[in-house]
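The values are calculated or read from the model by the stated rules, or taken from the named source; none is laboratory data. For clarity, every value in this text was computed on a predicted model and none was experimentally measured. Positions of Cβ are generated from backbone atoms using ideal geometry, with glycine treated the same way; all protein chains shown enter the neighbour counts. Just so you know, the surface numbers come from the protein's heavy atoms only, side chains and all, with ligands and any DNA or RNA stripped out. Shrake-Rupley method; radii C 1.70, N 1.55, O 1.52, S 1.80 Å.
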Amino acid sequence: MKATLEELKNIMSGIRGSFVIDEKGGVAAEDLPEDLSEKAGKISKLLNYVSDVMKSTREFERIIVDAEDMKLVVMTVNNRLLVVVTDKNINLPLLKLVSRAATSKVKHERLPPRIAKIDPLKVAQIIERYTMLFSVPADKLSEIFGSQAASMFNSKFHEVRGDHPLLLKSVEFQDDGLPEMDRLKSNSKLVSYDDLVAGLEDILLSMLETLKDTAGGNIADRAIDEIIHIKDADKESSESV
């Protein structure tokens, strides 16, 4: 489905992106810039409701919504909606023509399972917590090997990447020995809460294994003790709130 939406964007100028709304009014697939992605989640249920109301009185092919500096072209595809976000001056007849292939694919393609988006505040808290945890093995390896620590962590990282392809897409370790936390934060919207935590925990285990293989068991054991201490303190803090 993602590939279908990407093809649509590249087929003519003036298309900024698109998304598919499922039968329950949720965003089932999207190809949008980050700022528009947030808006799509907020208006999808409204567009689905408007569509249902209109369908109850008459059949229609599309709804045109003027929004700020752009248009939303909403097309019915069986029980789904294909929403194309365009420039204000888009050539609507041409858009209708070139979007036929996309609407056909949206009609027949199986929708991916919907992932409940994690509260951004919760994501920020998780990322902050694991930045602290990752810093333990990162600092210890960097102390010994300097900027080479990044390549050492990366050498084992492919094993974790295979288990978490969406979360770890384009993520590498940096010179300070930490994985790219901003990219992890951005990729978190592609996965569930449980998958996010599992992925971050697997990164941590991979870093500890690398530390043990390169710096020795004693240093790795000290890092594990520090991490356990941080997790215990974090747990006590959560319970006291």
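Quick notes
Here is a yes/no grid of residues against (1) on the phi < 0 side of the Ramachandran plot; (2) small (Gly, Ala, Ser); (3) in a loop (DSSP other than H, G, I, E, B):
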| position | (1), (2), (3) |
| --- | --- |
| Ile118 | yes, no, yes |
| Ile126 | yes, no, no |
| Ser135 | yes, yes, no |
| Met152 | yes, no, no |
| His158 | yes, no, no |
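- Exclusive hit being closer than 24 Å to Ser192 by Cα, of a type in the set (A, V, I, L, M) and in a strand (DSSP E or B), set Ala40, Ala3, Ala28: Ala28
- Checked against (1) open to solvent by 70 Å² or more (accessible area, probe 1.4 Å); (2) in contact with a strand residue (DSSP E or B) (Cβ under 9 Å, 6 or more places away or on another chain); (3) among the β-branched types (Val, Ile, Thr), Ile11 passes all but a single condition, namely (2).
- For the residues Lys122, Lys185, Lys140, the requirement of being at pLDDT 90 or above, farther than 19 Å from Leu211 by Cβ, assigned to a helix (DSSP H, G or I) and open to solvent by 30 Å² or more (accessible area, probe 1.4 Å) singles out Lys185.
- Set Glu23, Glu109: member being under 22 Å from Ser192 (Cα atoms), in contact (Cβ under 8 Å) with a residue 24 or more places away in the chain and open to solvent by 40 Å² or more (accessible area, probe 1.4 Å): Glu23
- Residue in the range 69-83 that is part of a helix (DSSP H, G or I), open to solvent by less than 40 Å² (accessible area, probe 1.4 Å), closer than 15 Å to Ser18 by Cβ and out of contact with any Phe, Trp or Tyr (no Cβ under 7 Å at 6 or more places or on another chain) present: no
- Filter pass, Val171 being in a helix (DSSP H, G or I) and surrounded by 15 or more Cβ atoms within 10 Å (Cβ to Cβ): no
- For the residues Ile63, Ile90, the requirement of being among the β-branched types (Val, Ile, Thr), within 29 Å of the chain's Cα centre (by Cα) and part of a loop (DSSP other than H, G, I, E, B) singles out Ile90.
- Test: residue in the range 87-94 that is crowded, with 17+ Cβ neighbours inside 10 Å, β-branched (Val, Ile, Thr), within 20 Å of Ile11 (Cα to Cα) and touching a residue at least 12 places away in the same chain (Cβ under 8 Å): yes
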